[in-house]
Structure formats: C-alpha cells, structure tokens
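Okay, so here's the structure we're looking at.
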Amino acid sequence: MIKSFRIYVNILLFLITFISVNSLLEAQDFNSEDYVIFLPKGIASYIPRPVIIGFSPSGNGKDVVNIWQEAAEENNAVIIASNKVRNGLDIQTVLQVIKKDLNEKFSKEYPIDLKKVIAVGSSGGGMASHLFSFLHPDTVSAVISNVGYIHEGTLAQSKIYPQNKICAFLAGTTDYNYKLMKEDLAFLQKHGWTCKWIEFIGGHVMAPKEQRKEALKFVLDELEKKEKESNQK
C-alpha cells in the first residue's frame with residue numbers, strides 16, 4: 001500500500017514538472033515604458049530561441065515589433081524592442097542597461113539563446129544596432145541595419161573594433177546613406193565579419209517584407225553555422 005502510494009506521488013510530481021517545464025509562455029510586462037516584447041506562437045520554456053534586440057529612431061518599440069513580427073514568427077525568434085533608445089539621446093548608458101536586463105531578467109523568464117543575440121534597427125536604430133555590437137561584442141552576435149550606417153566615432157576606432165561577427169545590410173537604392181553603408185560593408189569585411197548586402201528599390205525607408213525576411217534568415221543561418229563549427233572543435 002505504501003509502495004503504491006509512493007509510486008502515485010512520484011508520477012504526480014513528474015506530471016506537474018513536465019507540464020510546468022513544457023508549458024507555453026506569454027509575454028510578461030517587465031516595464032512597458034522600457035520594452036515591447038514579442039514571443040512566437042507556441043513558444044515553450046525549454047527550447048532556446050534567437051533574440052532580436054530592436055531599436056527605433058523614435059524610441060517606438062511597438063513599431064519594431066510590428067515590422068519584424070512576421071519574420072520572427074517564421075524563425076521562432078523572440079523580439080525585445082526598446083522604447084528608450086532614440087535619435088538625439090546619449091544611448092551608451094541605456095545600452096548597458098539593456099545588456100544587463102537581457103542577462104539578468106529576460107534570460108531568466110524566456111528561453112533565450114544568449115549566443116544568438118541580433119541587434120536590429122532602421123536609420124538611427126540601425127546606427128544604435130552597430131553601436132551595441134561595438135560596445136558589447138560579448139553580447140551581440142549579429143546586426144541587421146536598415147538604411148543605418150556606422151557612426152564615424154566608432155569607425156575611427158578600427159583597431160579595437162569587434163571581429164568575426166555577422167551583419168546584413170538593407171540598403172535603399174536611392175537612400176542618402178547608400179554610399180556610407182557600402183563603406184561600412186567593406187569596413188566590416190576587413191574585420192572578418194560575414195556580411196550580406198541586400199538592396200531594395202527606394203530611399204530612406206523600411207525595406208520590404210521579403211528583404212527583411214531574407215536578412216533575418218541569412219543571419220540565423222550564419223549563426224547556426226558558427227555554432228556547429230564551434231561544437232566540432
């Protein structure tokens with residue numbers, strides 16, 4: 001009788017643990033003033049996912065989520081979009097806080113793969129993405145910059161610029177930043193970055209959906225290759 005009871009208790013505990021570990025997650029409201037979070041449908045708590053850290057030139061995280069949500073959904077990626085980073089703001093302190101929140105808060109609540117952190121943004125948000133990778137190369141694995149160039153202040157620090165990362169450039173054919181982004185492409189390649197240049201017809205605007213999806217797929221494929229190569233060593 002006692003033995004049967006113990007078996008029953010063990011089975012019950014197993015089921016509770018299984019349901020808890022494998023339950024689907026919902027986005028938590030850490031601080032709606034700071035972030036907007038998107039989780040792909042059916043995300044479970046035990047499978048690490050790539051994470052997009054998104055920046056908007058106007059500090060509008062909701063816009064970032066709306067723009068990248070479909071591509072993130074298709075690739076099972078989490079989006080954490082900042083409401084704080086914006087044009088005209090000295091963002092170095094904010095980026096430090098985002099790094100800390102990513103490691104100490106978000107990675108504890110969500111199944112985030114900290115080896116696959118992608119900084120993404122358009123225009124000033126693209127500049128912020130490049131800066132995030134420069135200031136925190138231990139955190140950012142890849143960048144997707146839409147019509148955004150690398151600030152001359154970090155280009156001037158070529159000797160200490162991060163090496164061997166990944167970047168996708170989304171460039172408008174008539175954008176006034178086109179030439180600067182071409183120069184950034186050459187600069188990053190000299191530093192061992194694996195890059196993809198994706199053009200679209202247009203100016204200083206958001207790239208069409210298909211080009212955005214292409215950029216994210218490229219970055220994730222390259223991150224997967226790097227992970228396999230690292231595991232084989």
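Miscellaneous remarks
- Among the numbered conditions (1) in contact (Cβ under 8 Å) with a residue 60 or more places away in the chain; (2) in a strand (DSSP E or B), the only one that ARG212 does not meet is (2).
- ASP113 vs. criteria surrounded by fewer than 24 Cβ atoms within 10 Å (Cβ to Cβ) and under 17 Å from the mean Cα position of the chain (by Cα): yes
Table: residues versus (1) at pLDDT below 95; (2) of a type in the set (A, V, I, L, M); (3) in a strand (DSSP E or B).
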position: ALA128; (1), (2), (3): no, yes, no
position: LEU131; (1), (2), (3): no, yes, no
position: VAL140; (1), (2), (3): no, yes, no
position: PHE187; (1), (2), (3): no, no, no
position: LYS196; (1), (2), (3): no, no, yes
position: VAL205; (1), (2), (3): no, yes, no
position: LEU216; (1), (2), (3): no, yes, no
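- When restricted to residues that are in a helix (DSSP H, G or I), touching a Ser or Thr at 6+ places or on another chain (Cβ under 6 Å) and at pLDDT below 95, region 96-114 contains 0.
- Residue in region 197-208 that is without any contact (Cβ under 8 Å) to a residue 24 or more places away in the chain and closer than 26 Å to ILE79 by Cβ present: yes
- Comparison of LYS213, LYS225, LYS165 shows that the only residue that is crowded, with 18+ Cβ neighbours inside 10 Å and under 19 Å from the mean Cα position of the chain (by Cα) is LYS165.
- When region 190-227 is filtered for residues that are closer than 18 Å to ILE52 by Cβ and either among the basic types (Lys, Arg) or out of contact with any strand residue (DSSP E or B) (no Cβ under 7 Å at 6 or more places or on another chain) (or both), the ones remaining, listed by number, are LYS196, LYS209, GLU210, ARG212, LYS213, LYS217, ASP221, GLU224, LYS226.
- Of the residues examined, SER123 is one that is polar (S, T, N, Q), closer than 26 Å to TYR176 by Cβ, modelled with pLDDT of 95 or more and surrounded by fewer than 23 Cβ atoms within 10 Å (Cβ to Cβ).
- Among the residues of region 170-186, those that are surrounded by 15 or more Cβ atoms within 10 Å (Cβ to Cβ) and among the hydrophobic types (A, V, I, L, M, F, W, C) comprise LEU170, ALA171, LEU180, MET181, LEU185.
- Exclusive hit being touching a residue at least 12 places away in the same chain (Cβ under 8 Å), more than 16 Å from GLU214 (Cα to Cα), of a type outside the set (Gly, Ala, Ser) and touching a strand residue (DSSP E or B) at 6+ places or on another chain (Cβ under 8 Å), set ILE112, ILE166, ILE144: ILE112
The values are calculated or read from the model by the stated rules, or taken from the named source; none is laboratory data. Just so we're clear, the structure is a prediction, and the values are computed from it rather than from any experiment. Note that we place each Cβ from the backbone using ideal geometry, even for glycine, and neighbour counts take in every protein chain shown.
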